[in-house]
1. Using a label point 7 Å beyond Cα on the Cα-Cβ vector, give me the inter-copy distances for residue A:53 in nanometres, one decimal, shortest first.
2. Note down the relative contact order for the range B:126-233 as a percent, whole number, built from C-alpha pairs under 8 angstrom at least six residues apart.
3. Once you have the Cα-Cα distance between residue A:45 and residue A:181, take 0.36 nm times their residue separation minus that, and quote the gain in nm to one decimal.
4. For residue A:74 and residue A:200 in one chain, what is 0.36 nm times their gap in residues minus the Cα-Cα distance, to one decimal in nm?
5. Distances from residue A:203 to the same position in the other copies: list them in nm, one decimal, shortest first, using label points 7 Å from Cα along Cα→Cβ.
6. Run through the other copies and list how far each one's label point is from that of residue B:218, in nm with one decimal, shortest first; the point sits 7 Å from Cα along Cα-Cβ.
7. Tell me whether the range A:129-169 comes out rounded, prolate or oblate; compute the Cα gyration tensor, take square roots of the eigenvalues as a ≥ b ≥ c, and use a/c under 1.5 as the rounded threshold.
8. Per-residue counts of other Cβ atoms within 10 Å, averaged by peptide: what ranking do you get for A:153-159, B:77-83, highest first?
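Just so you know, all these numbers are worked out from the coordinates, no wet-lab data involved. This is a predicted model, so every value here is computed, not measured. Because the Cβ atoms are built from the backbone with ideal geometry, glycine has one as well, and the counts that use them run over all protein chains shown.
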């Protein structure tokens with residue numbers, strides 16, 4: 001696991017890595033074929049964590065409530081893109097991301113507004129909390145009318161992982177344990193809450209849950225353990 | 001949880017359910033707006049669990065190997081669609097699925113071949129095993145060049161849940177616990193293995209793991225607990 005993380009950090013800094021098999025994949029022609037898909041830079045650099053026409057009144061209400069809380073600086077809205085930017089600044093240092101050509105960030109892979117993961121994250125650094133407003137679209141269906149358990153896992157992984165990232169630095173998810181309590185209706189609005197629990201050495205422990213916007217329904221509970229990648233390759 | 005499951009079964013049989021808030025969602029206009037997206041019945045009814053041009057030689061090799069094993073009937077290839085069929089037969093009974101208009105099954109929500117979840121599942125009823133060949137596309141990116149942990153969780157949930165479904169009947173995931181061991185390179189081919197561990201009352205316990213096609217790399221281990229929905233509403 002540790003080795004994997006180190007190799008990922010190498011990927012992050014553009015150094016070649018034996019484990020990063022992307023070149024091998026490319027040589028087989030897989031990525032080359034895929035890269036023929038038309039790709040708009042404009043759509044890639046558009047901040048998706050802002051209201052669009054698919055957002056329900058409940059989603060807008062929650063968004064406005066959190067935006068109000070950003071005014072005094074205690075909360076901060078996090079932008080979100082279809083592809084990570086090529087350069088990111090973390091802890092005052094700048095990193096260059098080496099990504100697959102024409103790749104997309106999984107949580108932003110569905111183009112049409114409202115069909116996939118509609119979400120926006122808000123960070124409270126002092127409280128070590130990250131809250132994600134999430135409206136699952138109809139392309140995330142699992143059981144009839146409800147979000148697929150895999151899409152619920154994805155938003156939990158992103159929120160808990162995001163919280164660990166902003167609190168502890170470069171991390172990789174080591175464990176994700178989800179208790180599904182009640183399925184999430186498609187088109188509804190839920191709050192995905194995550195909190196940094198503790199840090200033990202290189203391990204970052206997180207807790208989280210998903211509740212309906214009205215707070216009445218507990219949809220899922222989760223714990224996450226991430227590995228903090230300390231070393232700079 | 002049990003109540004949720006019962007309500008889902010009600011959804012499965014087209015009976016109205018207080019918990020299924022889809023009507024409420026529709027009344028807010030969310031689903032109506034989404035349903036304006038063009039939707040092809042042909043693409044929805046195409047079996048996606050068959051080779052296409054995006055499949056790598058490794059994927060085809062594994063597919064042919066498993067297809068060979070289906071000849072004597074010990075293994076069976078499972079078809080897969082962008083939307084669940086309106087009618088499914090399970091245990092000799094026919095159920096009508098009440099789905100959101102124009103919805104998509106999450107695991108088949110990305111249209112372009114090779115960009116999303118390319119996978120095919122094979123069932124061995126006697127051994128209580130389900131194996132999924134999985135080639136993650138470049139729209140599933142998380143860490144640079146690798147599959148997002150949420151997409152890994154999604155394929156595990158689908159494989160473990162699918163195994164429980166075919167072994168025990170109508171189930172809902174209650175718990176999913178994943179240990180991530182090594183990130184999965186985009187475009188590579190992995191085998192997602194699941195096995196029915198035991199059934200205790202209404203609880204169905206599953207184990208699973210993800211290995212590279214050459215068996216050399218353990219990418220993830222998982223356990224799943226599903227709730228077997230016994231009662232017919």
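1. 3.2
2. Values: 238 pairs, mean separation 34.4, N = 108.
Relative contact order comes out at 32 percent.
3. Values: separation 136, 0.36 × 136 = 48.96 nm, distance 3.59 nm.
Here the segment from residue A:45 to residue A:181 would lengthen by 45.4 nm.
4. On the way: separation 126, 0.36 × 126 = 45.36 nm, distance 2.61 nm.
Contour length minus the Cα-Cα distance gives 42.7 nm.
5. Result, one decimal in nm: 2.3.
6. Spelled out, the distances from residue B:218's label point are 3.2 nm.
7. Details: a/c = 4.27, a/b = 2.70, b/c = 1.58.
It comes out prolate by the Cα gyration axes.
8. Numbers: A:153-159: 27.1, B:77-83: 17.4.
Top to bottom by mean Cβ count within 10 Å: A:153-159, B:77-83.
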